[in-house]
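See below for the structure under consideration.
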Amino acid sequence: MEKLIITCCAADTSMHPGVPATIVKSDALAVEVEKAYAAGAAIAHIHAPPDEPAVWAEHTRAIRDRCGAMIQYGISTQNPAQRKAVIGNHPEMISVALGAHNLSFIGRDLMMVHPREELAELMRMCRDNGVKPEFEVTGLGEFWMLNDLAEKGLVEPPFLMTLFFGRPGGSWSPATMEEFLHRTASVPDGAFYVTSATGPRHLLLESMAVMSGGHVRVGTEDEPYLRPGVPGSNADHVARIGRIAGEFGRPVATVAEARALLAIPQ
């Protein structure tokens, strides 16, 4: 079994009312990422306002000044033109939603459609800039979209995808063992899958990913609570899943090892 790649999404939650926002400024974000990196995270999934490219650049510089974590730009509702304005910062990865973005956040709903033409444009953008796409998957139909891109020669393995469970909104899927097994049974050949779960059962699905050879995304955006009523820092979440992996005899991948597995050059 491959070493476990841990992604940390160090961002303020948009799904839990009453949790204070503390990770807005670049310095605060970089400190959180550095601590998560020290705890075992190889990838930092980050966000910034979609139409403020200078903030994306500032976040990126601040993180790289403090640690060697690979940087993954979250989709943050950006359209292709806004993506083009920030991809020149050379993050190792950008997130690409393979289906509609249909989420229910605190105080607002988000609905964005990502047609195949847009996905093709993003794949060309990634190829031209040496950036790896990280595909966001909320249901089985989105595997068809990935296969469509691959058949057109727009993306090559190894594919990297994040499977989401329990996120509120129209793209919701239950954070259950049954849903996890159903979805992971259909992961395309040549793909690495990362599990991200929101809600009180998040640790169950994260542990199943560890046991079944998948990888894990944790952090305060996805689920700020270690268990109901007990908040945890990003480093707390990373360290805990690392300990669980150790109990199963599965070492945590370093950044260099994660790069090698995912075919991401230095």
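Take the residues in the range 132-161 that are within 17 Å of the chain's Cα centre (by Cα) and among the aromatic types (Phe, Trp, Tyr); name whichever of them is nearest to Ala97 (Cα to Cα).
Among them, the one singled out is Phe135.
I'd like to verify a number: residues in the range 132-149 that are open to solvent by less than 30 Å² (accessible area, probe 1.4 Å) and assigned to a helix (DSSP H, G or I), how many?
Total satisfying the criteria: 5.
Six or more apart or on different chains, Cβ atoms under 9 Å: show the pairs whose first residue is in the range 225-246 and within 20 Å of Met15 (Cβ to Cβ) and whose second is among the aromatic types (Phe, Trp, Tyr).
Qualifying pairs under 9 Å: Pro231/Tyr225; Gly232/Tyr225; Val238/Tyr37.
For the range 40-74, how many residues meet the condition of being open to solvent by less than 10 Å² (accessible area, probe 1.4 Å) and touching a residue at least 60 places away in the same chain (Cβ under 8 Å)?
8
Checking Phe164 against (1) open to solvent by 20 Å² or more (accessible area, probe 1.4 Å); (2) under 24 Å from Leu103 (Cα atoms): exactly one of these is not met. Which one?
Evaluating Phe164 over (1) open to solvent by 20 Å² or more (accessible area, probe 1.4 Å); (2) under 24 Å from Leu103 (Cα atoms) leaves (1) as the failure.
For the range 101-121, enumerate the residues that are open to solvent by less than 50 Å² (accessible area, probe 1.4 Å) and of a type in the set (Gly, Ala, Ser).
Across the range 101-121, the qualifying residues are Ser104, Ala120.
Could you please let me know if Ser196 is hydroxyl-bearing (Ser, Thr, Tyr), within 21 Å of Glu92 (Cβ to Cβ) and touching an Asp or Glu at 6+ places or on another chain (Cβ under 7 Å)?
Spelling it out, Ser196 is indeed hydroxyl-bearing (Ser, Thr, Tyr), within 21 Å of Glu92 (Cβ to Cβ) and touching an Asp or Glu at 6+ places or on another chain (Cβ under 7 Å).
I'd like the full set of residues that are of a type in the set (A, V, I, L, M, F, W, C), closer than 22 Å to Gly68 by Cα and open to solvent by 60 Å² or more (accessible area, probe 1.4 Å), limited to the range 237-258.
Ala256
Looking at the range 76-95, which of its residues are small (Gly, Ala, Ser) and either under 14 Å from the mean Cα position of the chain (by Cα) or open to solvent by less than 20 Å² (accessible area, probe 1.4 Å) (or both)?
Within the range 76-95, Ser76, Ser95 qualify.
Every residue in the range 193-236 that is open to solvent by 30 Å² or more (accessible area, probe 1.4 Å) and charged (D, E, K, R), please.
Arg201, Arg227, Asp236
Regarding Pro157, is this residue touching a Gly at 6+ places or on another chain (Cβ under 6 Å), within 26 Å of Gly214 (Cβ to Cβ) and open to solvent by 30 Å² or more (accessible area, probe 1.4 Å)?
Judged against the criteria, Pro157 is a match.
The values are calculated or read from the model by the stated rules, or taken from the named source; none is laboratory data. Small disclaimer: the values here were computed from a predicted structure and weren't measured. Here Cβ is always computed from backbone atoms with ideal geometry, including for glycine, and neighbour counts include all displayed protein chains. We work out accessible area using only protein heavy atoms, side chains counted, and drop any ligands, DNA or RNA first. Shrake-Rupley method; radii C 1.70, N 1.55, O 1.52, S 1.80 Å.
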